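This report refers to the structure that appears directly beneath it.
The values are calculated or read from the model by the stated rules, or taken from the named source; none is laboratory data. This is a predicted model, so every value here is computed, not measured. Neighbour counts are summed over all protein chains in view; Cβ atoms, including those assigned to glycine, are modelled from backbone coordinates with ideal geometry. Heads up: the accessible areas ignore ligands, DNA and RNA and are worked out on the full protein's heavy atoms, side chains in. Shrake-Rupley method; radii C 1.70, N 1.55, O 1.52, S 1.80 Å.
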Amino acid sequence: MAPSVRASLRDLASRRVDLLVIGGGITGAGVARDAALRGLDVALIDGQDFGAGTSSRSSRLIHGGLRYLEQARLHLVFEALRERRILLRLAPHLVRPVPFVLPVFRGDRVPRWKTALGLTLYDLLAGRGNVRRHRTLGKRALLDLEPLLRERGLTGGALYHDAQCDDARLTIATIRAAAGHGALVANHVAVTGLIRDGARVVGALLRDRITGEDGEARARVVVNATGPWSDRLRRLEDPAALPILRPTKGSHLVVRAARVGNRHAVIFTSPVDGRVMFVLPWGDWTYIGTTDTDTAESPEEVRPTEEDLVYLLRSANALYPGAHLGPEDVVSSWSGLRPLLAAAPASPASDVSREHRILRGSFGMISIAGGKLTTFRRMAAEVVDRVGKELAQPLSLGRRRSEEEPLPGGEAAVSEGFRTPGLELGLSEATVEHLLRQYGGETPAIYTLCRERPALAERLHPEHPAIAAQVVFAARREFAVTAEDVLERRIRLVHETQDRGEKARPVIDRLLRDGGPSSLTDTAPAGR
Ligand SMILES: Cc1cc2nc3c(=O)[nH]c(=O)nc-3n(C[C@H](O)[C@H](O)[C@H](O)COP(=O)(O)OP(=O)(O)OC[C@H]3O[C@@H](n4cnc5c(N)ncnc54)[C@H](O)[C@@H]3O)c2cc1C
């Protein structure tokens, strides 16, 4: 297995790169991949783990955004649906079609006829790359699909398709792709200051949060892709920089799927306040979201409040009245800050109609703010075009590569041939299915680890199909350094087990420390 090594401070100091990207969420990941694909020498760093910011706390949808239709922002829907099509192709194991049920109740803000019209437009805008055309449904047909929905006031609705994806794994896959094309990448390395040479930012002061050491990185151009932290970085460049973000907080909670009984993803308006919400399937789990509130919390501290959870539970209970969900059903929850653009009256019209903004600071740092998971690839292409201008180097030649090169695991279509060897190793069907969804065409690398050290085929947790080999893979190929990196963003046991994955922690700690499975034997294995 070829290792993907986390760059050390010495590596980062060893050369002046063309481009230093600060922030390893999906935005920075996309920029680093695109720039590396176009032949730039790139370094990417994140002060926490890759994806630990908003990019592991989203609703995990790759979607056109139905709400933009209501606002007649058709170009945004068109763009996002195009990106949906590209991502379904680049990473089919991570980005997967998901059928959505859209129920319409008497008195809803958007009536049935308008819903049908909107979805027809959605299909048209998706064009040839559509997942599947929508169907409008009468009340009975809708209840056949989703029998436990509230019947009272239901008038009918529709079935349409969008896509769902593991946001953190998409981020990490994108960073691996950048590293595969030569980028130096390091998580747990924070920028503590910027280095200026006259009127230009030419690098950053760094602190390795694992070793405690300080260092620096030098670059011809620096990109600030720190999502909800963007204004903080901009103030490091220029203490007088005016904020460009007005972040809002969004929370989700997770319950056992059987407690809700939903068979599909459901998009609905909350009877509590009329906001659009989702009930989303995730294996044995259902997650419900999201809230949307102003907050003064810092991105590091943002957590769901009791009020958030009550709102989400009340909304879901109104949709599934038989569920009677209570706080005791909540297995886990998360909050993220949407890096939304503040209203900018002085911006040109073309800027205002977009979801993201690229701007050059007083000392030449390029900041990319706003955007969403779905459109990261396209945003990245725009940022790298801008970097090309800054470098006075035409980069347009490689622009299409980012829409053609699969992400790691997306190279080969997953077929029966990927299943059989796993089952022959004695892995359960649930584990094999889980592996294929996480690793796609790279699943054989996990099987190889199991063959080399059979103890790695043991489950990590009695409630979850993940196995120990995934920890070794996470450490060797996915830059996992701490147990949290594994539990929260590589295998996500935090959101998919009753005890937030704690039973797996000792094994994960040991595997990360020793890099080998010999120590597994004295920890009660969870079986296969
Ligand atoms: C509740 C919610 C639901 C959402 N749902 C969806 C959805 O379903 N579909 C969709 O398309 N979009 C969705 N979004 C939007 C999407 O998740 C975000 O736009 C996207 O994840 C932002 O990524 P980012 O890389 O810009 O920011 P982040 O992911 O926050 O990354 C910024 C990174 O910068 C790092 N950083 C900060 N300061 C420093 C420093 N000093 N030194 C080094 N590194 C630093 C942080 O550690 C962090 O990892 C949702 C957002 C929220 C909040």
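None of LEU124, LEU81, LEU94, LEU88 is more than 25 Å from LEU337 (Cα to Cα) and in contact with a helix residue (DSSP H, G or I) (Cβ under 9 Å, 6 or more places away or on another chain) except LEU88.
For segment 369-377, indicate whether the set of residues that are within 16 Å of the ligand (Cβ to nearest atom), of a type in the set (A, V, I, L, M, F, W, C), in contact with a Leu (Cβ under 9 Å, 6 or more places away or on another chain) and outside any helix (DSSP H, G or I) is non-empty.
yes
Assess whether LEU125 counts as being closer than 30 Å to ARG73 by Cβ and not small (Gly, Ala, Ser). When the stated conditions are applied, LEU125 passes them. When restricted to residues that are part of a helix (DSSP H, G or I) and within 12 Å of the ligand (Cβ to nearest atom), segment 83-100 contains 3.
Could you tell me whether segment 15-26 includes any residue that is surrounded by fewer than 24 Cβ atoms within 10 Å (Cβ to Cβ), near the ligand (Cβ under 9 Å from one of its atoms) and within 21 Å of the chain's Cα centre (by Cα)? Checked against the condition, which is being surrounded by fewer than 24 Cβ atoms within 10 Å (Cβ to Cβ), near the ligand (Cβ under 9 Å from one of its atoms) and within 21 Å of the chain's Cα centre (by Cα), segment 15-26 yields no hits at all. Only one entry in PRO271, PRO304 is touching a His at 6+ places or on another chain (Cβ under 9 Å), open to solvent by 20 Å² or more (accessible area, probe 1.4 Å) and not small (Gly, Ala, Ser), namely PRO304. Residues of segment 196-219 being open to solvent by 20 Å² or more (accessible area, probe 1.4 Å) and touching a Lys or Arg at 6+ places or on another chain (Cβ under 7 Å), which ones? Residues satisfying the conditions are VAL202, ASP214, ARG218.
Among the residues of segment 246-266, write down those that are more than 10 Å from the ligand (Cβ to nearest atom) and at pLDDT below 95. The answer is ARG246, and nothing else.
Suppose we filter segment 192-241 for residues that are acidic (Asp, Glu), closer than 17 Å to GLY364 by Cα and not in a loop (DSSP other than H, G, I, E, B); how many remain? Break it down stepwise before answering.
Within segment 192-241, the first condition is being acidic (Asp, Glu), and the residues that meet it are 197, 208, 213-214, 216, 231, 237-238.
If we keep only those that are closer than 17 Å to GLY364 by Cα too, we end up with 197, 231, 237-238.
Next, from what is left, pick out any that are not in a loop (DSSP other than H, G, I, E, B): 197, 231, 237.
Counting residues in segment 192-241 that are acidic (Asp, Glu), closer than 17 Å to GLY364 by Cα and not in a loop (DSSP other than H, G, I, E, B) gives 3.
Let's see how each residue does on (1) more than 14 Å from the ligand (Cβ to nearest atom); (2) within 25 Å of ARG132 (Cα to Cα); (3) crowded, with 18+ Cβ neighbours inside 10 Å; (4) in contact (Cβ under 8 Å) with a residue 60 or more places away in the chain:
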site: SER4; (1), (2), (3), (4): yes, no, no, yes
site: ASP11; (1), (2), (3), (4): yes, no, no, yes
site: ALA36; (1), (2), (3), (4): yes, no, yes, yes
site: LEU69; (1), (2), (3), (4): yes, yes, yes, no
site: LEU81; (1), (2), (3), (4): no, yes, yes, no
site: LYS114; (1), (2), (3), (4): yes, yes, no, no
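Here PRO103 meets the list (1) part of a strand (DSSP E or B); (2) surrounded by fewer than 20 Cβ atoms within 10 Å (Cβ to Cβ) almost entirely, failing just condition (2). For segment 324-341, taking the residues that are open to solvent by less than 30 Å² (accessible area, probe 1.4 Å) and of a type in the set (Ser, Thr, Tyr), the one that is nearest to the ligand (Cβ to nearest atom) is identified as SER335.
Against the numbered list (1) free of Cβ contacts under 8 Å to residues at least 60 places away in the same chain; (2) hydroxyl-bearing (Ser, Thr, Tyr); (3) buried (at least 17 other Cβ atoms within 10 Å of the Cβ), SER367 comes up short only at (1).
Go over the candidates PRO321, PRO394 one by one and state the one that is assigned to a loop (DSSP other than H, G, I, E, B), open to solvent by 20 Å² or more (accessible area, probe 1.4 Å) and under 29 Å from LEU40 (Cβ atoms). Working first, answer last.
Working: PRO321 fails: under 29 Å from LEU40 (Cβ atoms).
Among PRO321, PRO394, only PRO394 is assigned to a loop (DSSP other than H, G, I, E, B), open to solvent by 20 Å² or more (accessible area, probe 1.4 Å) and under 29 Å from LEU40 (Cβ atoms).
Please go through segment 41-57 and pick out each residue that is closer than 21 Å to ARG16 by Cβ and either open to solvent by less than 10 Å² (accessible area, probe 1.4 Å) or of a type in the set (S, T, N, Q) (or both). VAL42, ALA43, LEU44, ILE45 - these are the residues of segment 41-57 that are closer than 21 Å to ARG16 by Cβ and either open to solvent by less than 10 Å² (accessible area, probe 1.4 Å) or of a type in the set (S, T, N, Q) (or both). Checking every residue in segment 231-242 against the condition of being open to solvent by 60 Å² or more (accessible area, probe 1.4 Å) and in contact with a Phe, Trp or Tyr (Cβ under 8 Å, 6 or more places away or on another chain) gives zero matches. In summary, ALA52 fulfils each of the numbered conditions (1) outside any loop (DSSP other than H, G, I, E, B); (2) within 14 Å of the ligand (Cβ to nearest atom); (3) under 29 Å from LEU233 (Cβ atoms); (4) touching a residue at least 24 places away in the same chain (Cβ under 8 Å) with the single exception of condition (1).
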